[in-house]
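Shown next, in structure tokens, is the structure this report addresses.
The values are calculated or read from the model by the stated rules, or taken from the named source; none is laboratory data. What you see is a predicted model, and the numbers here were worked out from it, not measured in a lab. Please note: Cβ atoms are built from the backbone with ideal geometry, for glycine as well, and neighbour counts cover all protein chains shown. Remember, those area values only see protein heavy atoms, side chains included, never the ligands or the DNA or RNA. Shrake-Rupley method; radii C 1.70, N 1.55, O 1.52, S 1.80 Å.
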Amino acid sequence: MDFTKDLSNALKHLTTNGAFLSTKNGNIINTMTISWGYVGFMWNKPYFITLVRPQRYTKKIIDKATSFTISIPYDKLKDELMICGTKSGADIDKGKVVKFIPAKSVDGVVIDGCDTYYECNIRMRDRLKEENIPEDALDKHYKGDYHYLYFGEIVDCY
């Protein structure tokens, strides 16, 4: 598995168009749109670090999950990204917005029709702390709802 294959293209689309963060706990599946995330190498393994605000419905699911997936479409699924980024899975069934298909290597799903997928096992969780966030980022991005970070060991990407 080469987690760096097409990485610049994947990150370009993540940050400009968005991507789907999907997670599963038992029979409960949800996806949300993200545009922030980190791919790198730590603890001698490839990782994707994703961020979720505490008030998001996804947080309730990912906190009990063992994995998450990232599905990145390249210049398509724009309406689906918008809906999954503005509507809560607590209010709508996102499986009617996108097509969930089983992940290959983790207990979860990916979004059909995307161009790059990262399947990740959650290895660590932590919360951003106000005192550690740069002041310009605090002013621009936060109102006391500091993200939780989920460190996912990339076990498959394609």
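With the requirement that a residue be modelled with pLDDT of 95 or more and either over 19 Å from S67 (Cβ atoms) or over 15 Å from the mean Cα position of the chain (by Cα) (or both), what does the stretch 43-53 give you?
If the condition is that a residue be modelled with pLDDT of 95 or more and either over 19 Å from S67 (Cβ atoms) or over 15 Å from the mean Cα position of the chain (by Cα) (or both), then W43, N44, K45, P46 are the ones that fit.
Quick one: which residue in I92, I101 is more than 25 Å from R123 (Cα to Cα), without any contact (Cβ under 8 Å) to a residue 12 or more places away in the chain, open to solvent by 40 Å² or more (accessible area, probe 1.4 Å) and not charged (D, E, K, R)?
I92 is the lone residue from the list that is more than 25 Å from R123 (Cα to Cα), without any contact (Cβ under 8 Å) to a residue 12 or more places away in the chain, open to solvent by 40 Å² or more (accessible area, probe 1.4 Å) and not charged (D, E, K, R).
For T33, all conditions in the list (1) open to solvent by 10 Å² or more (accessible area, probe 1.4 Å); (2) out of contact with any helix residue (DSSP H, G or I) (no Cβ under 7 Å at 6 or more places or on another chain) hold save one; what is the number of the exception?
The single condition T33 does not satisfy is (2).
Name the pairs: first residue in the stretch 69-82 and within 11 Å of T33 (Cα to Cα), second residue basic (K, R) and open to solvent by less than 80 Å² (accessible area, probe 1.4 Å), Cβ to Cβ under 9 Å, at least 6 apart or on different chains?
That search, which allows pairs on different chains as well, returns E80/K94.
Is at least one residue of the stretch 122-138 crowded, with 17+ Cβ neighbours inside 10 Å, at negative phi and within 12 Å of the chain's Cα centre (by Cα)?
Yes: the stretch 122-138 contains one or more residues that are crowded, with 17+ Cβ neighbours inside 10 Å, at negative phi and within 12 Å of the chain's Cα centre (by Cα).
Looking at the stretch 55-67, I want the residues that are under 10 Å from Y150 (Cα atoms) and have a partner that is outside any loop (DSSP other than H, G, I, E, B) and among the charged types (D, E, K, R) with Cβ atoms under 8 Å, at least 6 apart or on another chain. Which pairs are those?
Pairs found: D63/R125; S67/K24; S67/E119.
Looking at the stretch 31-88, which of its residues are touching a Phe, Trp or Tyr at 6+ places or on another chain (Cβ under 6 Å), outside any loop (DSSP other than H, G, I, E, B) and of a type in the set (S, T, N, Q)?
Within the stretch 31-88, T31, T50, S71 qualify.
Take the stretch 54-78 and flag every residue that is closer than 26 Å to L7 by Cβ and more than 15 Å from the chain's Cα centre (by Cα).
Y74, D75, K76, L77, K78
Run V106 past the list (1) of a type in the set (V, I, T); (2) in a strand (DSSP E or B); (3) open to solvent by less than 40 Å² (accessible area, probe 1.4 Å) and report the number of the one that doesn't hold.
(2)
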